[in-house]
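To start, the structure itself, in C-alpha cells.
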Amino acid sequence: MSAELPVELRAGLVAESGAASEERLAQSVERLIEAYRSGRPASAPILASRVDVAAYAAYRMPATFAAVRSALGQLAGAYPDFAPRTQLDIGGGTGAATWAAADAFPTLTGITVLDQVGEALDLGRRLASGADAPALRSATWQQWQASSVAALPAADLVTISYVLGELTAAAQAELLDRARRAAGVLLVIEPGTPAGYERILQARTTLLGHGLTVAAPCPHQDDCPLAAVRGDWCHFAARVNRSALHRRLKNAQLGHEDEKFSFVAVAPSPALLVPAGRVLRHPQFRKGMVTMQLCRSDGSAGPEIVSKKHGNLYRTARDVEWGDAWRSVSSQLT
C-alpha cells in the first residue's frame, strides 16, 4: 500500500526543519536510527533536544503515518461499522498516528496525544494547527510518563505505535493492560522486524487472554501460524514517497521507501467481517500464474496459486497486493 502524506503536514515538516541546519539534523537522524535499532529499552528519552525532535519528525513521521494508515485500512475493512469519534495516541510524540487516524476516520472529533517529551508535543501541536481536519487542530497534547499511575482517558480508538520497544517487558505488559481498559478498539504497531513481531505476538496473546477479538490483520483467533516457522514472521509494508529533505537527511537515492511494520488491532467482539485470508508477502507473478502467501481463517498459512484457468479470479488476483484480504481459490469457486 502506498500512503501519501497530507499536503499540509508535508509543508509543515519542511517549515519546521528550517530551525536547524541540515547538517545538524542529519547527525541527529544518524544517532536516532542507531538508538532505535539497538533494541534496548530506553533509560532516558531518546529525543534529547529540540534538534532531535525536528530530525525525528522529518525522517520518521512520514513512515509512521504510512504504517498506521495502512493498518487502519485493514481494520476498517474488517470492521466497516467502526466510526470513532475520539482517539487516544499513547506515546504519540509529534502525532503521526493522529494524522493517519484523521485521514482514515473523518468521524473523529476529539484527539488526545500523550508523550513524555514536551518538545515533541510542542512540535506536534504546531504541525496540527495547520491541518485541514478540525479534530487535529483542536487536539489535546499532554505530557505523560509510562510509569504514571493515573488512569488513561477512554477513547473509541487507542493507538500505540513504535512504543513497546522502548519499554521493559514488565512496563509493556502494564501499558497494554491500561490501554485495553481505555480502548474501544486498540491498535498496537511495532517495527516489522523479528523482534517487533515478537512484541506484537506477545501483545496479541495477552489481549486475546482478556477476551478481546483480533480485528486485523489476522483472519482467525488462533495461534499465529508463523510463530513456529524459523526465519519467518508476520509483517507488512507501506510505501512512503520521500521528499527532497527526507532523501537528504537519510542520504538516500530512491524517491520512496517501504516501511515494514507488524501490528495487531483488537476490539471487544464487535460485528467483524474478518477476511477468510490475508496476503502475507508481495505476490509473485509469472506467466499465467499468481502465487501468494496466505494466512487462512483455519489458522494455517501457506502458498495459494491462481492460474489462468481460474478465469476472472486470475484477473482479480493480478491486482492483489501484500496485506490485502483474499479468500482461498477453493472457497471462491464453490
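The values are calculated or read from the model by the stated rules, or taken from the named source; none is laboratory data. Just so you know, these numbers come straight off a predicted model, no measurement behind them. Glycine also receives a Cβ, built like all others from the backbone with ideal geometry; neighbour counts cover every protein chain displayed.
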Does segment 268-290 include one or more residues that are aliphatic (A, V, I, L, M) and within 29 Å of residue 60 (Cα to Cα)?
-> yes
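Table: residues versus (1) touching a strand residue (DSSP E or B) at 6+ places or on another chain (Cβ under 7 Å); (2) crowded, with 16+ Cβ neighbours inside 10 Å; (3) not assigned by TED's automatic domain parsing to the domain that holds residue 218.
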residue: 292; (1), (2), (3): yes, yes, yes
residue: 303; (1), (2), (3): yes, no, yes
residue: 306; (1), (2), (3): yes, yes, yes
residue: 319; (1), (2), (3): no, no, yes
residue: 323; (1), (2), (3): yes, yes, yes
Tell me which residues, restricted to segment 66-121, are surrounded by fewer than 24 Cβ atoms within 10 Å (Cβ to Cβ) and part of a strand (DSSP E or B).
-> 86, 110, 112, 114
May I ask you to say which residue of 67, 20, 26 is at pLDDT 70 or above and in the same structural domain as residue 116 (by TED's automatic domain parsing)?
-> 67
Conditions: (1) in a loop (DSSP other than H, G, I, E, B); (2) surrounded by 23 or more Cβ atoms within 10 Å (Cβ to Cβ). Residue 224 meets all but one. Number of the miss?
-> (2)
